[in-house]
1. Cβ-Cβ below 8 Å, separation at least six or inter-chain, first residue in the stretch 59-76 and within 12 Å of Leu252 (Cβ to Cβ) and in contact (Cβ under 8 Å) with a residue 40 or more places away in the chain, second surrounded by 22 or more Cβ atoms within 10 Å (Cβ to Cβ) and among the hydroxyl-bearing types (Ser, Thr, Tyr): which pairs?
2. Within the stretch 229-255, restricting attention to residues that are under 24 Å from Pro27 (Cα atoms) and of a type in the set (Asp, Glu), which residue is surrounded by the most Cβ atoms within 10 Å (Cβ to Cβ)?
3. What are the residues in the stretch 63-94 that are assigned to a helix (DSSP H, G or I) and farther than 23 Å from Arg174 by Cα, if any?
4. Output yes when any residue across the stretch 170-178 is farther than 28 Å from Gly57 by Cα, in a strand (DSSP E or B) and more than 17 Å from the chain's Cα centre (by Cα), and no when none is.
5. Filter the stretch 95-141 down to the residues that are under 22 Å from Val162 (Cβ atoms) and part of a loop (DSSP other than H, G, I, E, B) and list them by number.
6. Taking the stretch 29-58 only, how many residues are part of a loop (DSSP other than H, G, I, E, B) and surrounded by 20 or more Cβ atoms within 10 Å (Cβ to Cβ)?
7. Is the stretch 256-265 home to any residue that is at pLDDT below 95 and surrounded by 13 or more Cβ atoms within 10 Å (Cβ to Cβ)?
Amino acid sequence: MPGADPHAPDSRHHPDLPDSVRSVRRPVTEEQSRRANGPDWDRYADEYQATHGAFLGDVGFVWGPEGLTEAEAGVLGDPAGLAGRDVLEVGSGAGQCSRWVRARGGRAVGLDLSHRQLQHSRRIDDETGVRVPSVLGTATHLPFADASFDVVFSSFGALQFVREIDAAVAETARVLRPGGRFAFSITHPTRWMFPDDPSAAGLTASQSYWDRTPYVEVDDATGEVTYVEHHRTLGDWVSLLAGAGFVLTTLLEPEWPAGHDRVWGGWSGVRGAITPGTAILGADLR
């Protein structure tokens with residue numbers, strides 16, 4: 001990747017950088033994160049959907065590049081139990097996962113920071129006839145009333161791009177009903193120790209697991225932050241969930257399936273055979 005940091009963390013979105021953009025590890029504010037990542041995903045949405053749309057499925061729920069589906073994992077519970085339940089997908093992108101929930105009778109709603117991703121969601125709504133009501137918004141300020149949902153989930157969406165993660169988790173707790181379910185997938189935190197390289201070169205640890213300094217891309221021509229991704233350890237996630245009143249019940253680390261030859265950024269069979277690339281967490285609100 002020209003101009004990219006060879007020690008950048010894995011990201012579901014990590015295109016080649018133009019010559020004017022450099023990558024650094026440095027602190028950023030929540031406003032900088034939001035102002036960078038919304039437009040960045042607007043620019044990247046067309047390529048993302050063209051590249052990964054068939055793998056995700058128009059009415060499909062995939063938790064990560066390993067291809068583990070919700071039908072297989074059951075992180076949200078029995079799929080039949082979603083019928084009649086109010087479900088929010090945070091960082092919904094083109095709504096593939098929410099559409100899967102709706103196809104099983106759940107009342108799923110999507111939220112995303114990217115207007116272009118939501119346009120793709122509307123396009124797929126029209127193509128499939130399975131419509132996902134969606135809103136433009138951020139995980140730190142959910143535009144919904146208290147206790148509106150039975151389930152909130154995020155499949156590699158929003159949470160890694162938010163600095164004020166405590167606010168995002170608190171917002172999730174606010175909009176969930178007592179006993180509600182919160183589930184999400186993220187880049188496995190241990191991946192932040194390794195270069196973002198799908199080959200064997202990406203298996204040599206080169207930085208500290210405990211370095212929580214964000215990965216940032218900056219346009220030197222304008223000085224603007226153009227992309228941000230944040231790192232938390234597994235311990236951080238457990239503490240965040242417990243502090244917001246959640247009880248952690250699920251932690252999955254999907255293995256790379258035999259015969260799965262897809263390369264997605266830093267994810268590949270070479271690395272997946274040795275170390276996890278995705279963590280899936282599920283918790284219930286007390």
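1. Final answer for the pair search is Trp63/Ser155; Trp63/Ser185; Trp63/Thr278; Gly64/Ser155; Gly64/Ser185; Gly64/Thr278; Glu66/Thr278; Leu68/Thr278.
2. So the first thing to find is which residues in the stretch 229-255 are under 24 Å from Pro27 (Cα atoms), and the list is 229-241, 243.
The next check asks that each one be of a type in the set (Asp, Glu); those that pass are 229, 236.
Details: Glu229: 23, Asp236: 14.
The residue in question is Glu229.
3. Step one: filter the stretch 63-94 for residues assigned to a helix (DSSP H, G or I), giving 70-73, 79-82.
If the condition is that a residue be assigned to a helix (DSSP H, G or I) and farther than 23 Å from Arg174 by Cα, then Glu70, Ala71, Glu72, Ala73, Pro79, Ala80 are the ones that fit.
4. Yes, there is a match, as at least one residue in the stretch 170-178 is farther than 28 Å from Gly57 by Cα, in a strand (DSSP E or B) and more than 17 Å from the chain's Cα centre (by Cα).
5. Residues satisfying the conditions are Gly95, Leu113, Ser114, Val132, Gly137, Ala139, Thr140.
6. Step one: list which residues in the stretch 29-58 are part of a loop (DSSP other than H, G, I, E, B), which gives 29, 57-58.
Filter once more, keeping what is surrounded by 20 or more Cβ atoms within 10 Å (Cβ to Cβ): none.
Here the count works out to 0.
7. Initially, the stretch 256-265 is screened for residues at pLDDT below 95, giving 265.
Still in the running and surrounded by 13 or more Cβ atoms within 10 Å (Cβ to Cβ): 265.
Yes, some residue in the stretch 256-265 is at pLDDT below 95 and surrounded by 13 or more Cβ atoms within 10 Å (Cβ to Cβ).
The values are calculated or read from the model by the stated rules, or taken from the named source; none is laboratory data. Just so it is clear, the model here is predicted, and its values are computed rather than measured. Virtual Cβ from ideal backbone geometry, glycine too; neighbours counted across all protein chains shown.
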